[in-house]
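J.: Okay, here's the structure, questions in a sec.
The values are calculated or read from the model by the stated rules, or taken from the named source; none is laboratory data. Since the structure is predicted, the reported quantities are computational estimates derived from the model, not experimental observations. Virtual Cβ from ideal backbone geometry, glycine too; neighbours counted across all protein chains shown. Quick note on the areas: whole protein, heavy atoms, side chains included, nothing else; ligands and nucleic acids left out. Shrake-Rupley method; radii C 1.70, N 1.55, O 1.52, S 1.80 Å.
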Amino acid sequence: MKLTNLFRGKVGFLCLFLFLIALVITITINFYPLYVVDSHVMNLADSAGLTQKQLLLNYKELMHYLNWPFQKVLKLSNFTMSNAGRQHFVDVKRLFLFNYFILGITAVPAGFFLRDCLKSKRLWRLIRPFQIGSAVPFLLGFIMILGFERFFVLFHELLFSNDNWVFNPATDPIILVLPEDYFMHCFILAFVLFEGLMLGGVVLGKKSMKR
């Protein structure tokens, strides 16, 4: 069996779905304009006694550490950090790199699957799964509306096996410039992006049926 044939069925569709999820996460965690806007609206620089330029420099230093596998040491220009806080960012870095790994290994099979659907004029196969997928952001959004703080806690309990993510501003002042509201906006951005991809797939699928 040719490798391309393997990716024409359920395996290919699974790879496509995983690729889209990883893509949404990648865009969201690296969407610098969101942090810039939130930092102004919430006066984050003032809360940490920094200038806006200093705040954004530290944010870029943090993101560089989280994004690059060969950056082994986290060093921020204007923030001290406890051992627990530093370990939390080590854990976050592992999640970032795992997401990029999923993005990388699913890109080619997802491309094969989409190409096969286009060539065989079977984009209609996307309609039902993507309709189901489009319900996910609404479900998670409803849970967030009921209580984002609880949702945020459950999210961390699911992803982390320790409580290092519970920062003390006295020992880890960086938490002052990474408020809960900013993360709520990140979730909203991710939900909007994912919903857009799901609806886009449904539209493409329906258009293919009319041809």
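J.: State which residue is farthest from the chain's Cα centre (by Cα) when the search covers only segment 65-88 and only residues that are of a type outside the set (Ser, Thr, Tyr) and assigned to a helix (DSSP H, G or I).
T.: In this case the residue turns out to be Asn83.
J.: Report, by residue number, each residue of segment 111-138 that is small (Gly, Ala, Ser), assigned to a helix (DSSP H, G or I) and closer than 23 Å to Leu189 by Cα.
T.: The answer is Gly133, Ala135.
J.: Given (1) within 15 Å of Pro173 (Cα to Cα); (2) crowded, with 17+ Cβ neighbours inside 10 Å, identify the lone condition not met by Ser82.
T.: Condition not satisfied by Ser82: (2).
J.: Looking only at segment 178-185, decide whether some residue is under 18 Å from Met63 (Cβ atoms), touching a residue at least 40 places away in the same chain (Cβ under 8 Å) and open to solvent by 50 Å² or more (accessible area, probe 1.4 Å).
T.: Yes, segment 178-185 contains a residue that is under 18 Å from Met63 (Cβ atoms), touching a residue at least 40 places away in the same chain (Cβ under 8 Å) and open to solvent by 50 Å² or more (accessible area, probe 1.4 Å).
J.: Scan segment 33-49 residue by residue and report those that are touching a residue at least 12 places away in the same chain (Cβ under 8 Å), assigned to a helix (DSSP H, G or I) and either open to solvent by less than 70 Å² (accessible area, probe 1.4 Å) or of a type in the set (D, E, K, R) (or both). Spell out how you get there, then give the answer.
T.: So the first thing to find is which residues in segment 33-49 are touching a residue at least 12 places away in the same chain (Cβ under 8 Å), and the list is 34-36, 38-40, 42, 44-45, 47-48.
Filter once more, keeping what is assigned to a helix (DSSP H, G or I): 34-36, 38-40, 44-45, 47.
Residues satisfying the conditions are Leu34, Tyr35, Val36, Asp38, Ser39, Leu44, Ala45, Ser47.
J.: While we're looking at this one, here's another question. Conditions first: (1) touching a residue at least 12 places away in the same chain (Cβ under 8 Å); (2) charged (D, E, K, R); (3) farther than 19 Å from Val203 by Cβ. Arg122 passes all but one, so which condition is the exception?
T.: That leaves (3) as the condition not met.
J.: It is to be established whether one or more residues within segment 14-32 are loosely packed, with under 13 Cβ neighbours inside 10 Å, among the aliphatic types (A, V, I, L, M) and at pLDDT below 95.
T.: Taking every residue of segment 14-32 in turn, none turns out to be loosely packed, with under 13 Cβ neighbours inside 10 Å, among the aliphatic types (A, V, I, L, M) and at pLDDT below 95.
One line per residue, one yes/no per condition, for (1) touching a residue at least 40 places away in the same chain (Cβ under 8 Å); (2) more than 22 Å from Met184 (Cα to Cα); (3) of a type in the set (Ser, Thr, Tyr):
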residue	(1), (2), (3)
Val11	yes, yes, no
Leu20	yes, no, no
Ile25	yes, no, no
Thr28	yes, no, yes
Thr51	no, yes, yes
Lys60	no, no, no
Val73	no, yes, no
Ser82	yes, yes, yes
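J.: Still on this structure, I have one more. Would you mind telling me which numbered condition in (1) open to solvent by 20 Å² or more (accessible area, probe 1.4 Å); (2) more than 30 Å from Leu56 (Cβ to Cβ) Ala110 fails?
T.: So the condition that Ala110 fails would be (1).
J.: A follow-up question, please. Residue check, His156 against (1) open to solvent by 30 Å² or more (accessible area, probe 1.4 Å); (2) without any contact (Cβ under 8 Å) to a residue 24 or more places away in the chain; (3) of a type outside the set (Ser, Thr, Tyr), all met but one. Which one?
T.: (1)
J.: When you go through Phe191, Phe167, Phe142 one by one, which is the residue that is modelled with pLDDT of 90 or more and part of a helix (DSSP H, G or I)?
T.: On the way: Phe167 fails: part of a helix (DSSP H, G or I); Phe142 fails: modelled with pLDDT of 90 or more.
Result of the check over Phe191, Phe167, Phe142: Phe191.
J.: Give segment 105-126 a look and list any residue that's more than 12 Å from Leu20 (Cα to Cα) and either touching a strand residue (DSSP E or B) at 6+ places or on another chain (Cβ under 7 Å) or among the hydroxyl-bearing types (Ser, Thr, Tyr) (or both), or say none.
T.: Ser120
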